[in-house]
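The values are calculated or read from the model by the stated rules, or taken from the named source; none is laboratory data. Everything numeric in this text was worked out from a predicted model, so none of it was measured. Here the Cβ positions follow ideal geometry from the backbone for every residue, glycine too, while neighbour counts run over all protein chains shown. Accessible surface areas use protein heavy atoms only, side chains included; no ligands, DNA or RNA. Shrake-Rupley method; radii C 1.70, N 1.55, O 1.52, S 1.80 Å.
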Amino acid sequence: MVLVGSLRATLVVTVVLGLALAAFVDSGKALAFVAGSAWSLLNFALWGTLVRQLSWRGHDGNPLRAALLALVKGPLLYGAGFALLKAGLSPAFLVAGFALVFLVVTLRALGQWLIHPDWRRGATVVVLALVLLTPQAALAKEPVPPKTTTHEAAEGHAEDVHADDAEHKGGGHEKSGAPELPNIVTYLEAMYEGKPMPAWLHVVKEWENVLFAMLAAVILIALFGSAAKAKALVPGPAQNAAEALLGGIHDFFLGVLGPSGKPYVPFVGSLMLYIVTMNWMGMVPFLKSPSTSLNTTFALAVCVFVYVQYIGITRNGLAGYLYHFAGQPKDAIGWGSAILLFPLEVMGEFIKPISLSCRLFGNILGEDILLAVFVGLGVTTLSFVHSPIGLPLQLPFLVLSGLFGLVQGLVFALLTTVYIVMMLPHDDHHDEAHASAPHAAAHH
Amino acid sequence: MGFPNFATALAYSLPLGIGLAAIGSGIGLGLTGKGGLEAMGRQPEAAAKIQTAMILGLAFSEALTIYAFVTMFILSGKIS
């Protein structure tokens, strides 16, 4: 029942987003959003019931009931829809609410594509969590460096639009800003230099990192979806590459997690693929690494944090979870030191996402700045002959940043794995050894 | 503004701070890599496990420089 699951997921998303809107924007818009989403949900439910009543396969199909439904509930629902539209709620948020259920259904349909049944759930969770959390982090509008650097880079960029891809950024006259390679948004912005920017460009610029992060997700889904389509016995090159990659990732993380951690491999694997894709986007012209923004990396780290706590509670129980934080005391001395250990462990748990996000953010930002500096250097080298393009001085660093992007994605996923392993019950291995020995004996 | 002001002090100390952090984590990275490679050379069959642990260690020691780097970015806006 894809539809029922989608409706349930939409309900959850609506509640979360509505609360976030009420907290960050204002309650009227949140109301509009929730009302739109609720109406859309009812609409979907009505049509779903109609289709089920009229469908050919069910014996419970009842055309009379369907007609009654269409005659009574339909006008009511659409009347309510018109009332909503006339009620003077914020139209943009109303439409966003309407669109939400379609978005969720589309995302779920995309998720169904993914290669392995084991992968599907994790990938859907990751994609949904990203779609949810990234905008929230961006909404918080923290004064993070990347936003300002983008802005300043755009300003510096406006002078030399017509040069080739290698622009000199961040000259001495600019205030502090780190150099940054131009991306498609900076180009668009430069096109409107001196003129008033259209409203959509403001939105795009504000949500730049989110858009690029979504692009990374779309790239991944398209890539692996197309690879999964041809499930040939003798794999073609694309399927072969995808299978080798997924198999390698699966084996690697399963080796770290141990046999009891098999359900968490999809999450960690998708995380790694997603982060590596985002890191490598900075090396492609006209694109930008979304992970050069602390918002993106922190949203990912928050996902990891919540998931790890969830695993800890579900696998250990609430009491076991707290016992784990107290350092698993066994005697009087242990319980005494638990008073000291408990706050420390809790604090350490909250420091983990901060260190996780800062590491990824700093590395990728540094690597992109390195590229931009050398591009700038290449341009200044040839600037005295007014050459439209610069020397490709950044080439060796492209190789380096490819390696760095891979390693940082791996490190993020590996640390997530280690956090998960730390949360899993510790005496699992003994149990398994005990359980498996007689089991094996019985078989042979 | 007089000479010994906050901005000047920052302009001198930020690169210095990153350099100092880089010295420390460079030593740490070198030691980790040395240990990992020696262990892998001694026991090539355990290379995968050692490599995982080594990468983790590298990540942790490298993070210290990254913290200095992030601090530099937060503070570099104040040099005007």
- At 1.4 Å probe size, with no ligands or nucleic acids counted, give the accessible surface of B:LYS78 in Å², nearest ten. 120
- Message: Under the 0.36 nm per residue contour assumption, what length would be gained going from the current alpha-carbon distance of A:VAL418 and A:GLU243 to full extension?
- Response: 60.5 nm
- Shielding by partners - mean other protein chain Cβ count within 10 Å, residues of B:64-77: 5
- Query: Based on DSSP H runs of at least 4 residues, each adding -39500 (n - 2.57), what is the mean residue ellipticity at 222 nm of chain B after dividing by all its residues, to the nearest 500 deg cm²/dmol?
  - Reply: -30500 deg cm²/dmol
- In whole percent, the fraction of accessible protein surface over the range A:249-386 that belongs to carbon or sulfur atoms, probe radius 1.4 Å, stands at 78
- Query: Which pairs break 23 Å Cα to Cα here: A:LYS288/B:LYS49; A:LYS262/A:LYS288; A:LYS205/A:LYS288?
  - Reply: A:LYS288/B:LYS49; A:LYS262/A:LYS288
- From other protein chains only, count the Cβ atoms within 10 Å of every residue's Cβ in A:349-360, then give the mean. 2
- B/A buried area, accessible surface, summed, 1.4 Å probe, Å²: 1500
- Query: So what are chain B's ellipsoid semi-axes, whole angstrom, largest first, if each one is the square root of 5 times an eigenvalue of the alpha-carbon gyration tensor?
  - Reply: 39, 11, 5
- Please list A:THR296, B:THR32 in order of solvent-accessible area, largest first, computed with a 1.4 Å probe with all protein chains present. B:THR32, A:THR296
- Message: Per 0.36 nm of contour for each residue apart, how much would the distance between A:PHE102 and A:GLU193 grow if the chain were fully extended, relative to their Cα-Cα spacing?
- Response: 29.1 nm
- Exposure ranking of A:LYS262, A:LYS288, A:LYS229 by accessible area [1.4 Å probe, largest first]: A:LYS229, A:LYS262, A:LYS288
- Note on the structure: Taking 0.36 nm per residue of separation between A:VAL306 and A:LEU201 and subtracting their Cα-Cα distance, the length gained on full extension comes to 34.4 nm
- Item | Ranked order, A:MET278, A:MET191, A:MET214, A:MET272 - accessible area, probe 1.4 Å, largest first | A:MET191, A:MET214, A:MET272, A:MET278
- What relative contact order, as a whole-number percentage, does chain B give when Cα pairs under 8 Å and 6 or more residues apart are counted? 49
- Message: Probe of 1.4 angstrom, ligands and nucleic acids ignored: what's the accessible area per residue over chain B, in square angstrom?
- Response: 62
- Query: Between A:LEU403 and A:VAL284, what FRET efficiency comes out of the Förster formula 1/(1 + (r/R0)^6) with R0 = 22 Å and r the beta carbon distance, rounded to 0.05?
  - Reply: 0.85
